[in-house]
Every structure is written in C-alpha cells, then in structure tokens.
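Asks: Got a structure here, written out as structure tokens. Questions coming.
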Amino acid sequence: MQHSPTLAALAILVSAAALTVALILLLRPWLARYALAKPNARSSHKLPTPQGGGIAVVAATVAVSGGAFYFSSAATVNSASLIILLAAVLLMTAVGVMADKHPIAPAPRLVLQTFAVIAALSALPLEFRLLPVLPWWSERILLVIGGLWFVNLVNFMDGLDWMTVAEVVPVTAAIAAIGLIGIVSWQEVVISLALCGATIGFAFFNRPVAKLFLGDVGSLPIGLLLGWFLLVLAGSGARTAAALLPLYYLADSTITLLRRAIRGEAVWQAHRSHFYQRATDRGFRVIDVVARVLAVNIVLAALALATILLPSRTIDIVALSVGAVLIIWLLSVFARRPIRT
C-alpha cells in the first residue's frame with residue numbers, strides 16, 4: 001500500500017508520454033501542411049519546420065490529469081480550483097493557437113494573456129497570501145504582472161531544440177517529488193507529472209535537429225502551469241525552492257530584457273539576444289547548450305529539494321548562493337566562444 005503513490009506517479013508519467021507520442025503521430029501530417037514555422041530573426045532553425053507540438057503536450061497533460069483525478073480517491077483535490085485552472089490553461093492554449101496561425105499585435109496578445117493569468121489566479125483560495133505585508137488587492141495585481149512575465153519568459157526561452165525540455169522536465173519532476181513529500185497537494189503532483197511525461201514524449205520529435213516545434217500553443221500554457229506550480233510552492237512556505245527551480249530562465253530572460261531596454265530596443269520584437277542564442281551564434285552546438293542548461297537545472301532541482309529536506313536559514317542561503325554561482329558561470333560560458341579540443 002505504501003508504494004501506491006509511486007506506482008500512480010509512474011503510471012501518470014508513462015501515460016502522458018505515450019499519449020503525447022500518439023497525438024503527435026496523428027497530428028504531424030496536418031501540422032506539416034498547415035503549421036510550418038519559417039525561419040525569422042529569432043529562430044535558430046534554417047528550414048521551415050512544423051510547429052504546434054504543444055497541442056499534443058497540452059492535450060495529454062489535461063487528459064491524463066483529468067483521468068487521474070477521476071479515478072483518484074484523494075480527498076485533497078479541489079474540483080472547482082482544478083476546473084478553473086485547466087480552463088485557464090485551455091484559454092492560454094487558444095491564445096497560442098491564434099499567435100501561431102496569425103501573429104497577434106502585442107497589445108491584444110497581452111490582454112488575452114492577462115485574462116488567462118487572472119483566471120488561473122482565481123483558482124487560488126481567497127486566503128492565499130505570498131506577501132501578507134501588502135493589501136490583498138495589490139498583491140493580486142503583482143501576481144498578475146509576475147504571471148504575465150513568467151508566461152512570456154518561458155515563451156521567449158523556447159527558441160532552441162530541446163531547450164524547453166531541459167527546463168520543464170527537471171522543474172516538474174522536482175515539483176512532483178516535493179509534492180510526494182507532502183509540501184504541495186496531490187493536485188499539483190498529478191498535473192506536474194502529466195506535464196513532465198508529456199514533455200518527455202514530445203522530446204523525441206524535438207531532438208536536434210528538431211522535426212517539430214512546440215509553438216506558442218505549447219510554450220504559453222506551459223509557462224502558465226510552471227508559474228502556477230512555483231506560486232503554489234512558494235505559498236506553501238518553500239520560497240527558496242520556488243526561486244531556485246526557474247533560476248536559469250529568470251536570469252537569462254530578465255538580464256536580456258533589461259539589456260535590450262537600456263539599449264532602447266523594442267523589447268516585444270523577435271530577437272536573438274538571449275545568452276543561449278548568442279552561444280549558438282558563437283559556435284556552440286545546440287546539444288552543448290541544452291546539455292549545460294539541463295545539467296544546471298538538475299543541480300538547481302537538487303538544491304531546491306535540499307532546502308525542503310533540510311529546512312534552515314543556513315541551507316537556504318547556501319543553496320541560493322550555489323545556485324547564483326552556477327547561473328553566473330553558465331551565462332559567462334555562453335557569453336564567450338567555445339573551447340575546441
């Protein structure tokens with residue numbers, strides 16, 4: 001009986017991966033015909049490549065999560081919260097479909113994303129507080145702004161084969177592990193495992209050189225889900241873990257945005273200024289970049305787990321310091337030419 005959560009977790013993971021593969025095989029001919037991503041100023045690919053793999057990832061995540069909850073006897077699942085969250089994910093997916101099909105102007109795109117983020121936040125309990133020193137309404141406004149930034153930074157970082165895989169798999173696996181320890185609810189465990197499995201299923205088709213991209217239809221709702229997981233984790237008291245898990249994405253995107261803003265560039269336009277993009281421009285192979293990102297994210301996940309298993313201010317400071325040093329090292333490596341042996 002004590003092994004049932006582990007077996008259930010494995011079943012969710014495998015089911016989501018298998019369903020994603022099946023859906024991609026079914027959709028790929030249609031995507032190749034109607035959803036080709038042509039190379040542009042931001043892209044790292046040279047040839048038109050089908051996009052829209054996120055349809056399979058999101059569909060598998062929602063379907064497997066829903067099935068797991070339907071057959072689950074866990075009393076901790078809040079049906080109303082779950083339905084609202086998944087509805088917000090589907091709304092963000094719809095925004096991604098529109099963006100992939102026909103580019104949306106920044107203003108209406110942001111408005112639609114705001115609705116989805118507000119919908120997701122409405123799934124939180126009214127008593128949820130992350131910054132109790134602030135009035136409730138001002139905290140919620142900050143959460144909306146932070147949610148929008150996180151959704152878009154995940155989208156910005158989805159510009160290289162396997163890059164999103166290298167981020168999503170360690171983060172969702174860590175969230176699931178933390179949930180199995182009891183820090184977050186079974187609801188977050190199930191959805192994070194489903195997303196992890198779906199991303200693993202997608203990874204085969206996105207391996208360098210990718211035969212399929214996520215598209216905004218995948219990166220936007222994935223960003224919303226990751227942001228939700230991290231918010232719930234922080235609200236459960238594990239703020240250091242919540243800061244560590246997305247640290248590379250936060251650093252690369254935020255530094256890049258600030259640097260472009262200082263130079264007076266239009267920060268909403270496509271570009272190739274991210275550290276990982278500059279690394280490939282300087283001669284790094286795609287696999288070299290994503291392997292380093294994956295390795296750093298695995299270490300960050302281990303540090304996050306350490307702060308949960310060994311809770312103390314000292315461990316938090318050490319973990320954050322090690323994480324910061326790792327990120328500085330990785331960004332500095334990407335900022336210079338690779339050493340060839």
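The values are calculated or read from the model by the stated rules, or taken from the named source; none is laboratory data. All values derive from a computational prediction rather than experimental measurement. Quick reminder, even Gly has a Cβ in these numbers, built from the backbone with ideal geometry, and neighbours come from all protein chains shown. What goes into the accessible areas is simple: the full protein's heavy atoms, side chains included, and nothing from ligands, DNA or RNA. Shrake-Rupley method; radii C 1.70, N 1.55, O 1.52, S 1.80 Å.
Asks: Residue under question is R336, and the condition is that it be open to solvent by 60 Å² or more (accessible area, probe 1.4 Å), without any contact (Cβ under 8 Å) to a residue 12 or more places away in the chain and of a type in the set (K, R); does it hold?
Replies: So R336 fails the test.
The rows are residues; the columns are (1) closer than 19 Å to L148 by Cα; (2) under 17 Å from the mean Cα position of the chain (by Cα); (3) modelled with pLDDT of 95 or more.
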position	(1), (2), (3)
I222	yes, yes, yes
D252	yes, yes, yes
Q269	yes, no, no
V290	no, yes, yes
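Asks: Please return the ranges of helices (runs of 4 or more DSSP H) entirely within the range 233-321 where 2 or more residues are farther than 18 Å from A335 by Cβ.
Replies: Fully inside the range 233-321 and qualifying: 239-244, 286-309.
Asks: Yes or no: I83 at pLDDT below 95 and closer than 28 Å to L231 by Cβ? Don't jump to the end; show me each part of the working.
Replies: Values: at pLDDT below 95: yes; closer than 28 Å to L231 by Cβ: yes.
Answer is yes for this residue.
Asks: Here's another thing I want to ask about it. Among the residues of the range 258-281, is any surrounded by fewer than 19 Cβ atoms within 10 Å (Cβ to Cβ) and within 26 Å of L85 (Cβ to Cβ)?
Replies: No, the range 258-281 contains no residue that is surrounded by fewer than 19 Cβ atoms within 10 Å (Cβ to Cβ) and within 26 Å of L85 (Cβ to Cβ).
Asks: Give me the pairs: first residue in the range 235-253 and free of Cβ contacts under 8 Å to residues at least 60 places away in the same chain, second residue open to solvent by 20 Å² or more (accessible area, probe 1.4 Å), beta-carbon distance under 7 Å, and six or more apart or on different chains, which are they?
Replies: Correct list of pairs: S236/I183.
Asks: If the requirement is being at pLDDT below 90, open to solvent by less than 80 Å² (accessible area, probe 1.4 Å) and under 22 Å from S185 (Cα atoms), which of these qualifies: S15, S4?
Replies: S4
Yes or no, residue by residue, for (1) without any contact (Cβ under 8 Å) to a residue 24 or more places away in the chain; (2) among the hydroxyl-bearing types (S, T, Y); (3) out of contact with any helix residue (DSSP H, G or I) (no Cβ under 6 Å at 6 or more places or on another chain):
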{"position": "A94", "(1), (2), (3)": "yes, no, yes"}
{"position": "L131", "(1), (2), (3)": "yes, no, no"}
{"position": "R140", "(1), (2), (3)": "yes, no, yes"}
{"position": "V154", "(1), (2), (3)": "no, no, no"}
{"position": "G182", "(1), (2), (3)": "yes, no, yes"}
{"position": "E188", "(1), (2), (3)": "no, no, no"}
{"position": "L195", "(1), (2), (3)": "no, no, no"}
{"position": "F205", "(1), (2), (3)": "no, no, no"}
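Asks: Has the range 236-250 got any residue that is open to solvent by less than 30 Å² (accessible area, probe 1.4 Å), at pLDDT 95 or above, farther than 30 Å from S65 by Cβ and aliphatic (A, V, I, L, M)?
Replies: Looking only at the range 236-250, we keep the residues that are open to solvent by less than 30 Å² (accessible area, probe 1.4 Å), and these are 238, 240-242, 244-246, 248-249.
Now restrict to residues that are at pLDDT 95 or above: 238, 240-242, 244-246, 248-249.
Imposing the further condition that a residue be farther than 30 Å from S65 by Cβ reduces the set to none.
Scanning the range 236-250 turns up no residue that is open to solvent by less than 30 Å² (accessible area, probe 1.4 Å), at pLDDT 95 or above, farther than 30 Å from S65 by Cβ and aliphatic (A, V, I, L, M).
Asks: So, restricting to helices (runs of 4 or more DSSP H) that lie completely within the range 75-178, which ones have at least 2 residues that are open to solvent by 30 Å² or more (accessible area, probe 1.4 Å) and either under 20 Å from A251 (Cβ atoms) or touching a His at 6+ places or on another chain (Cβ under 6 Å) (or both)?
Replies: 136-157
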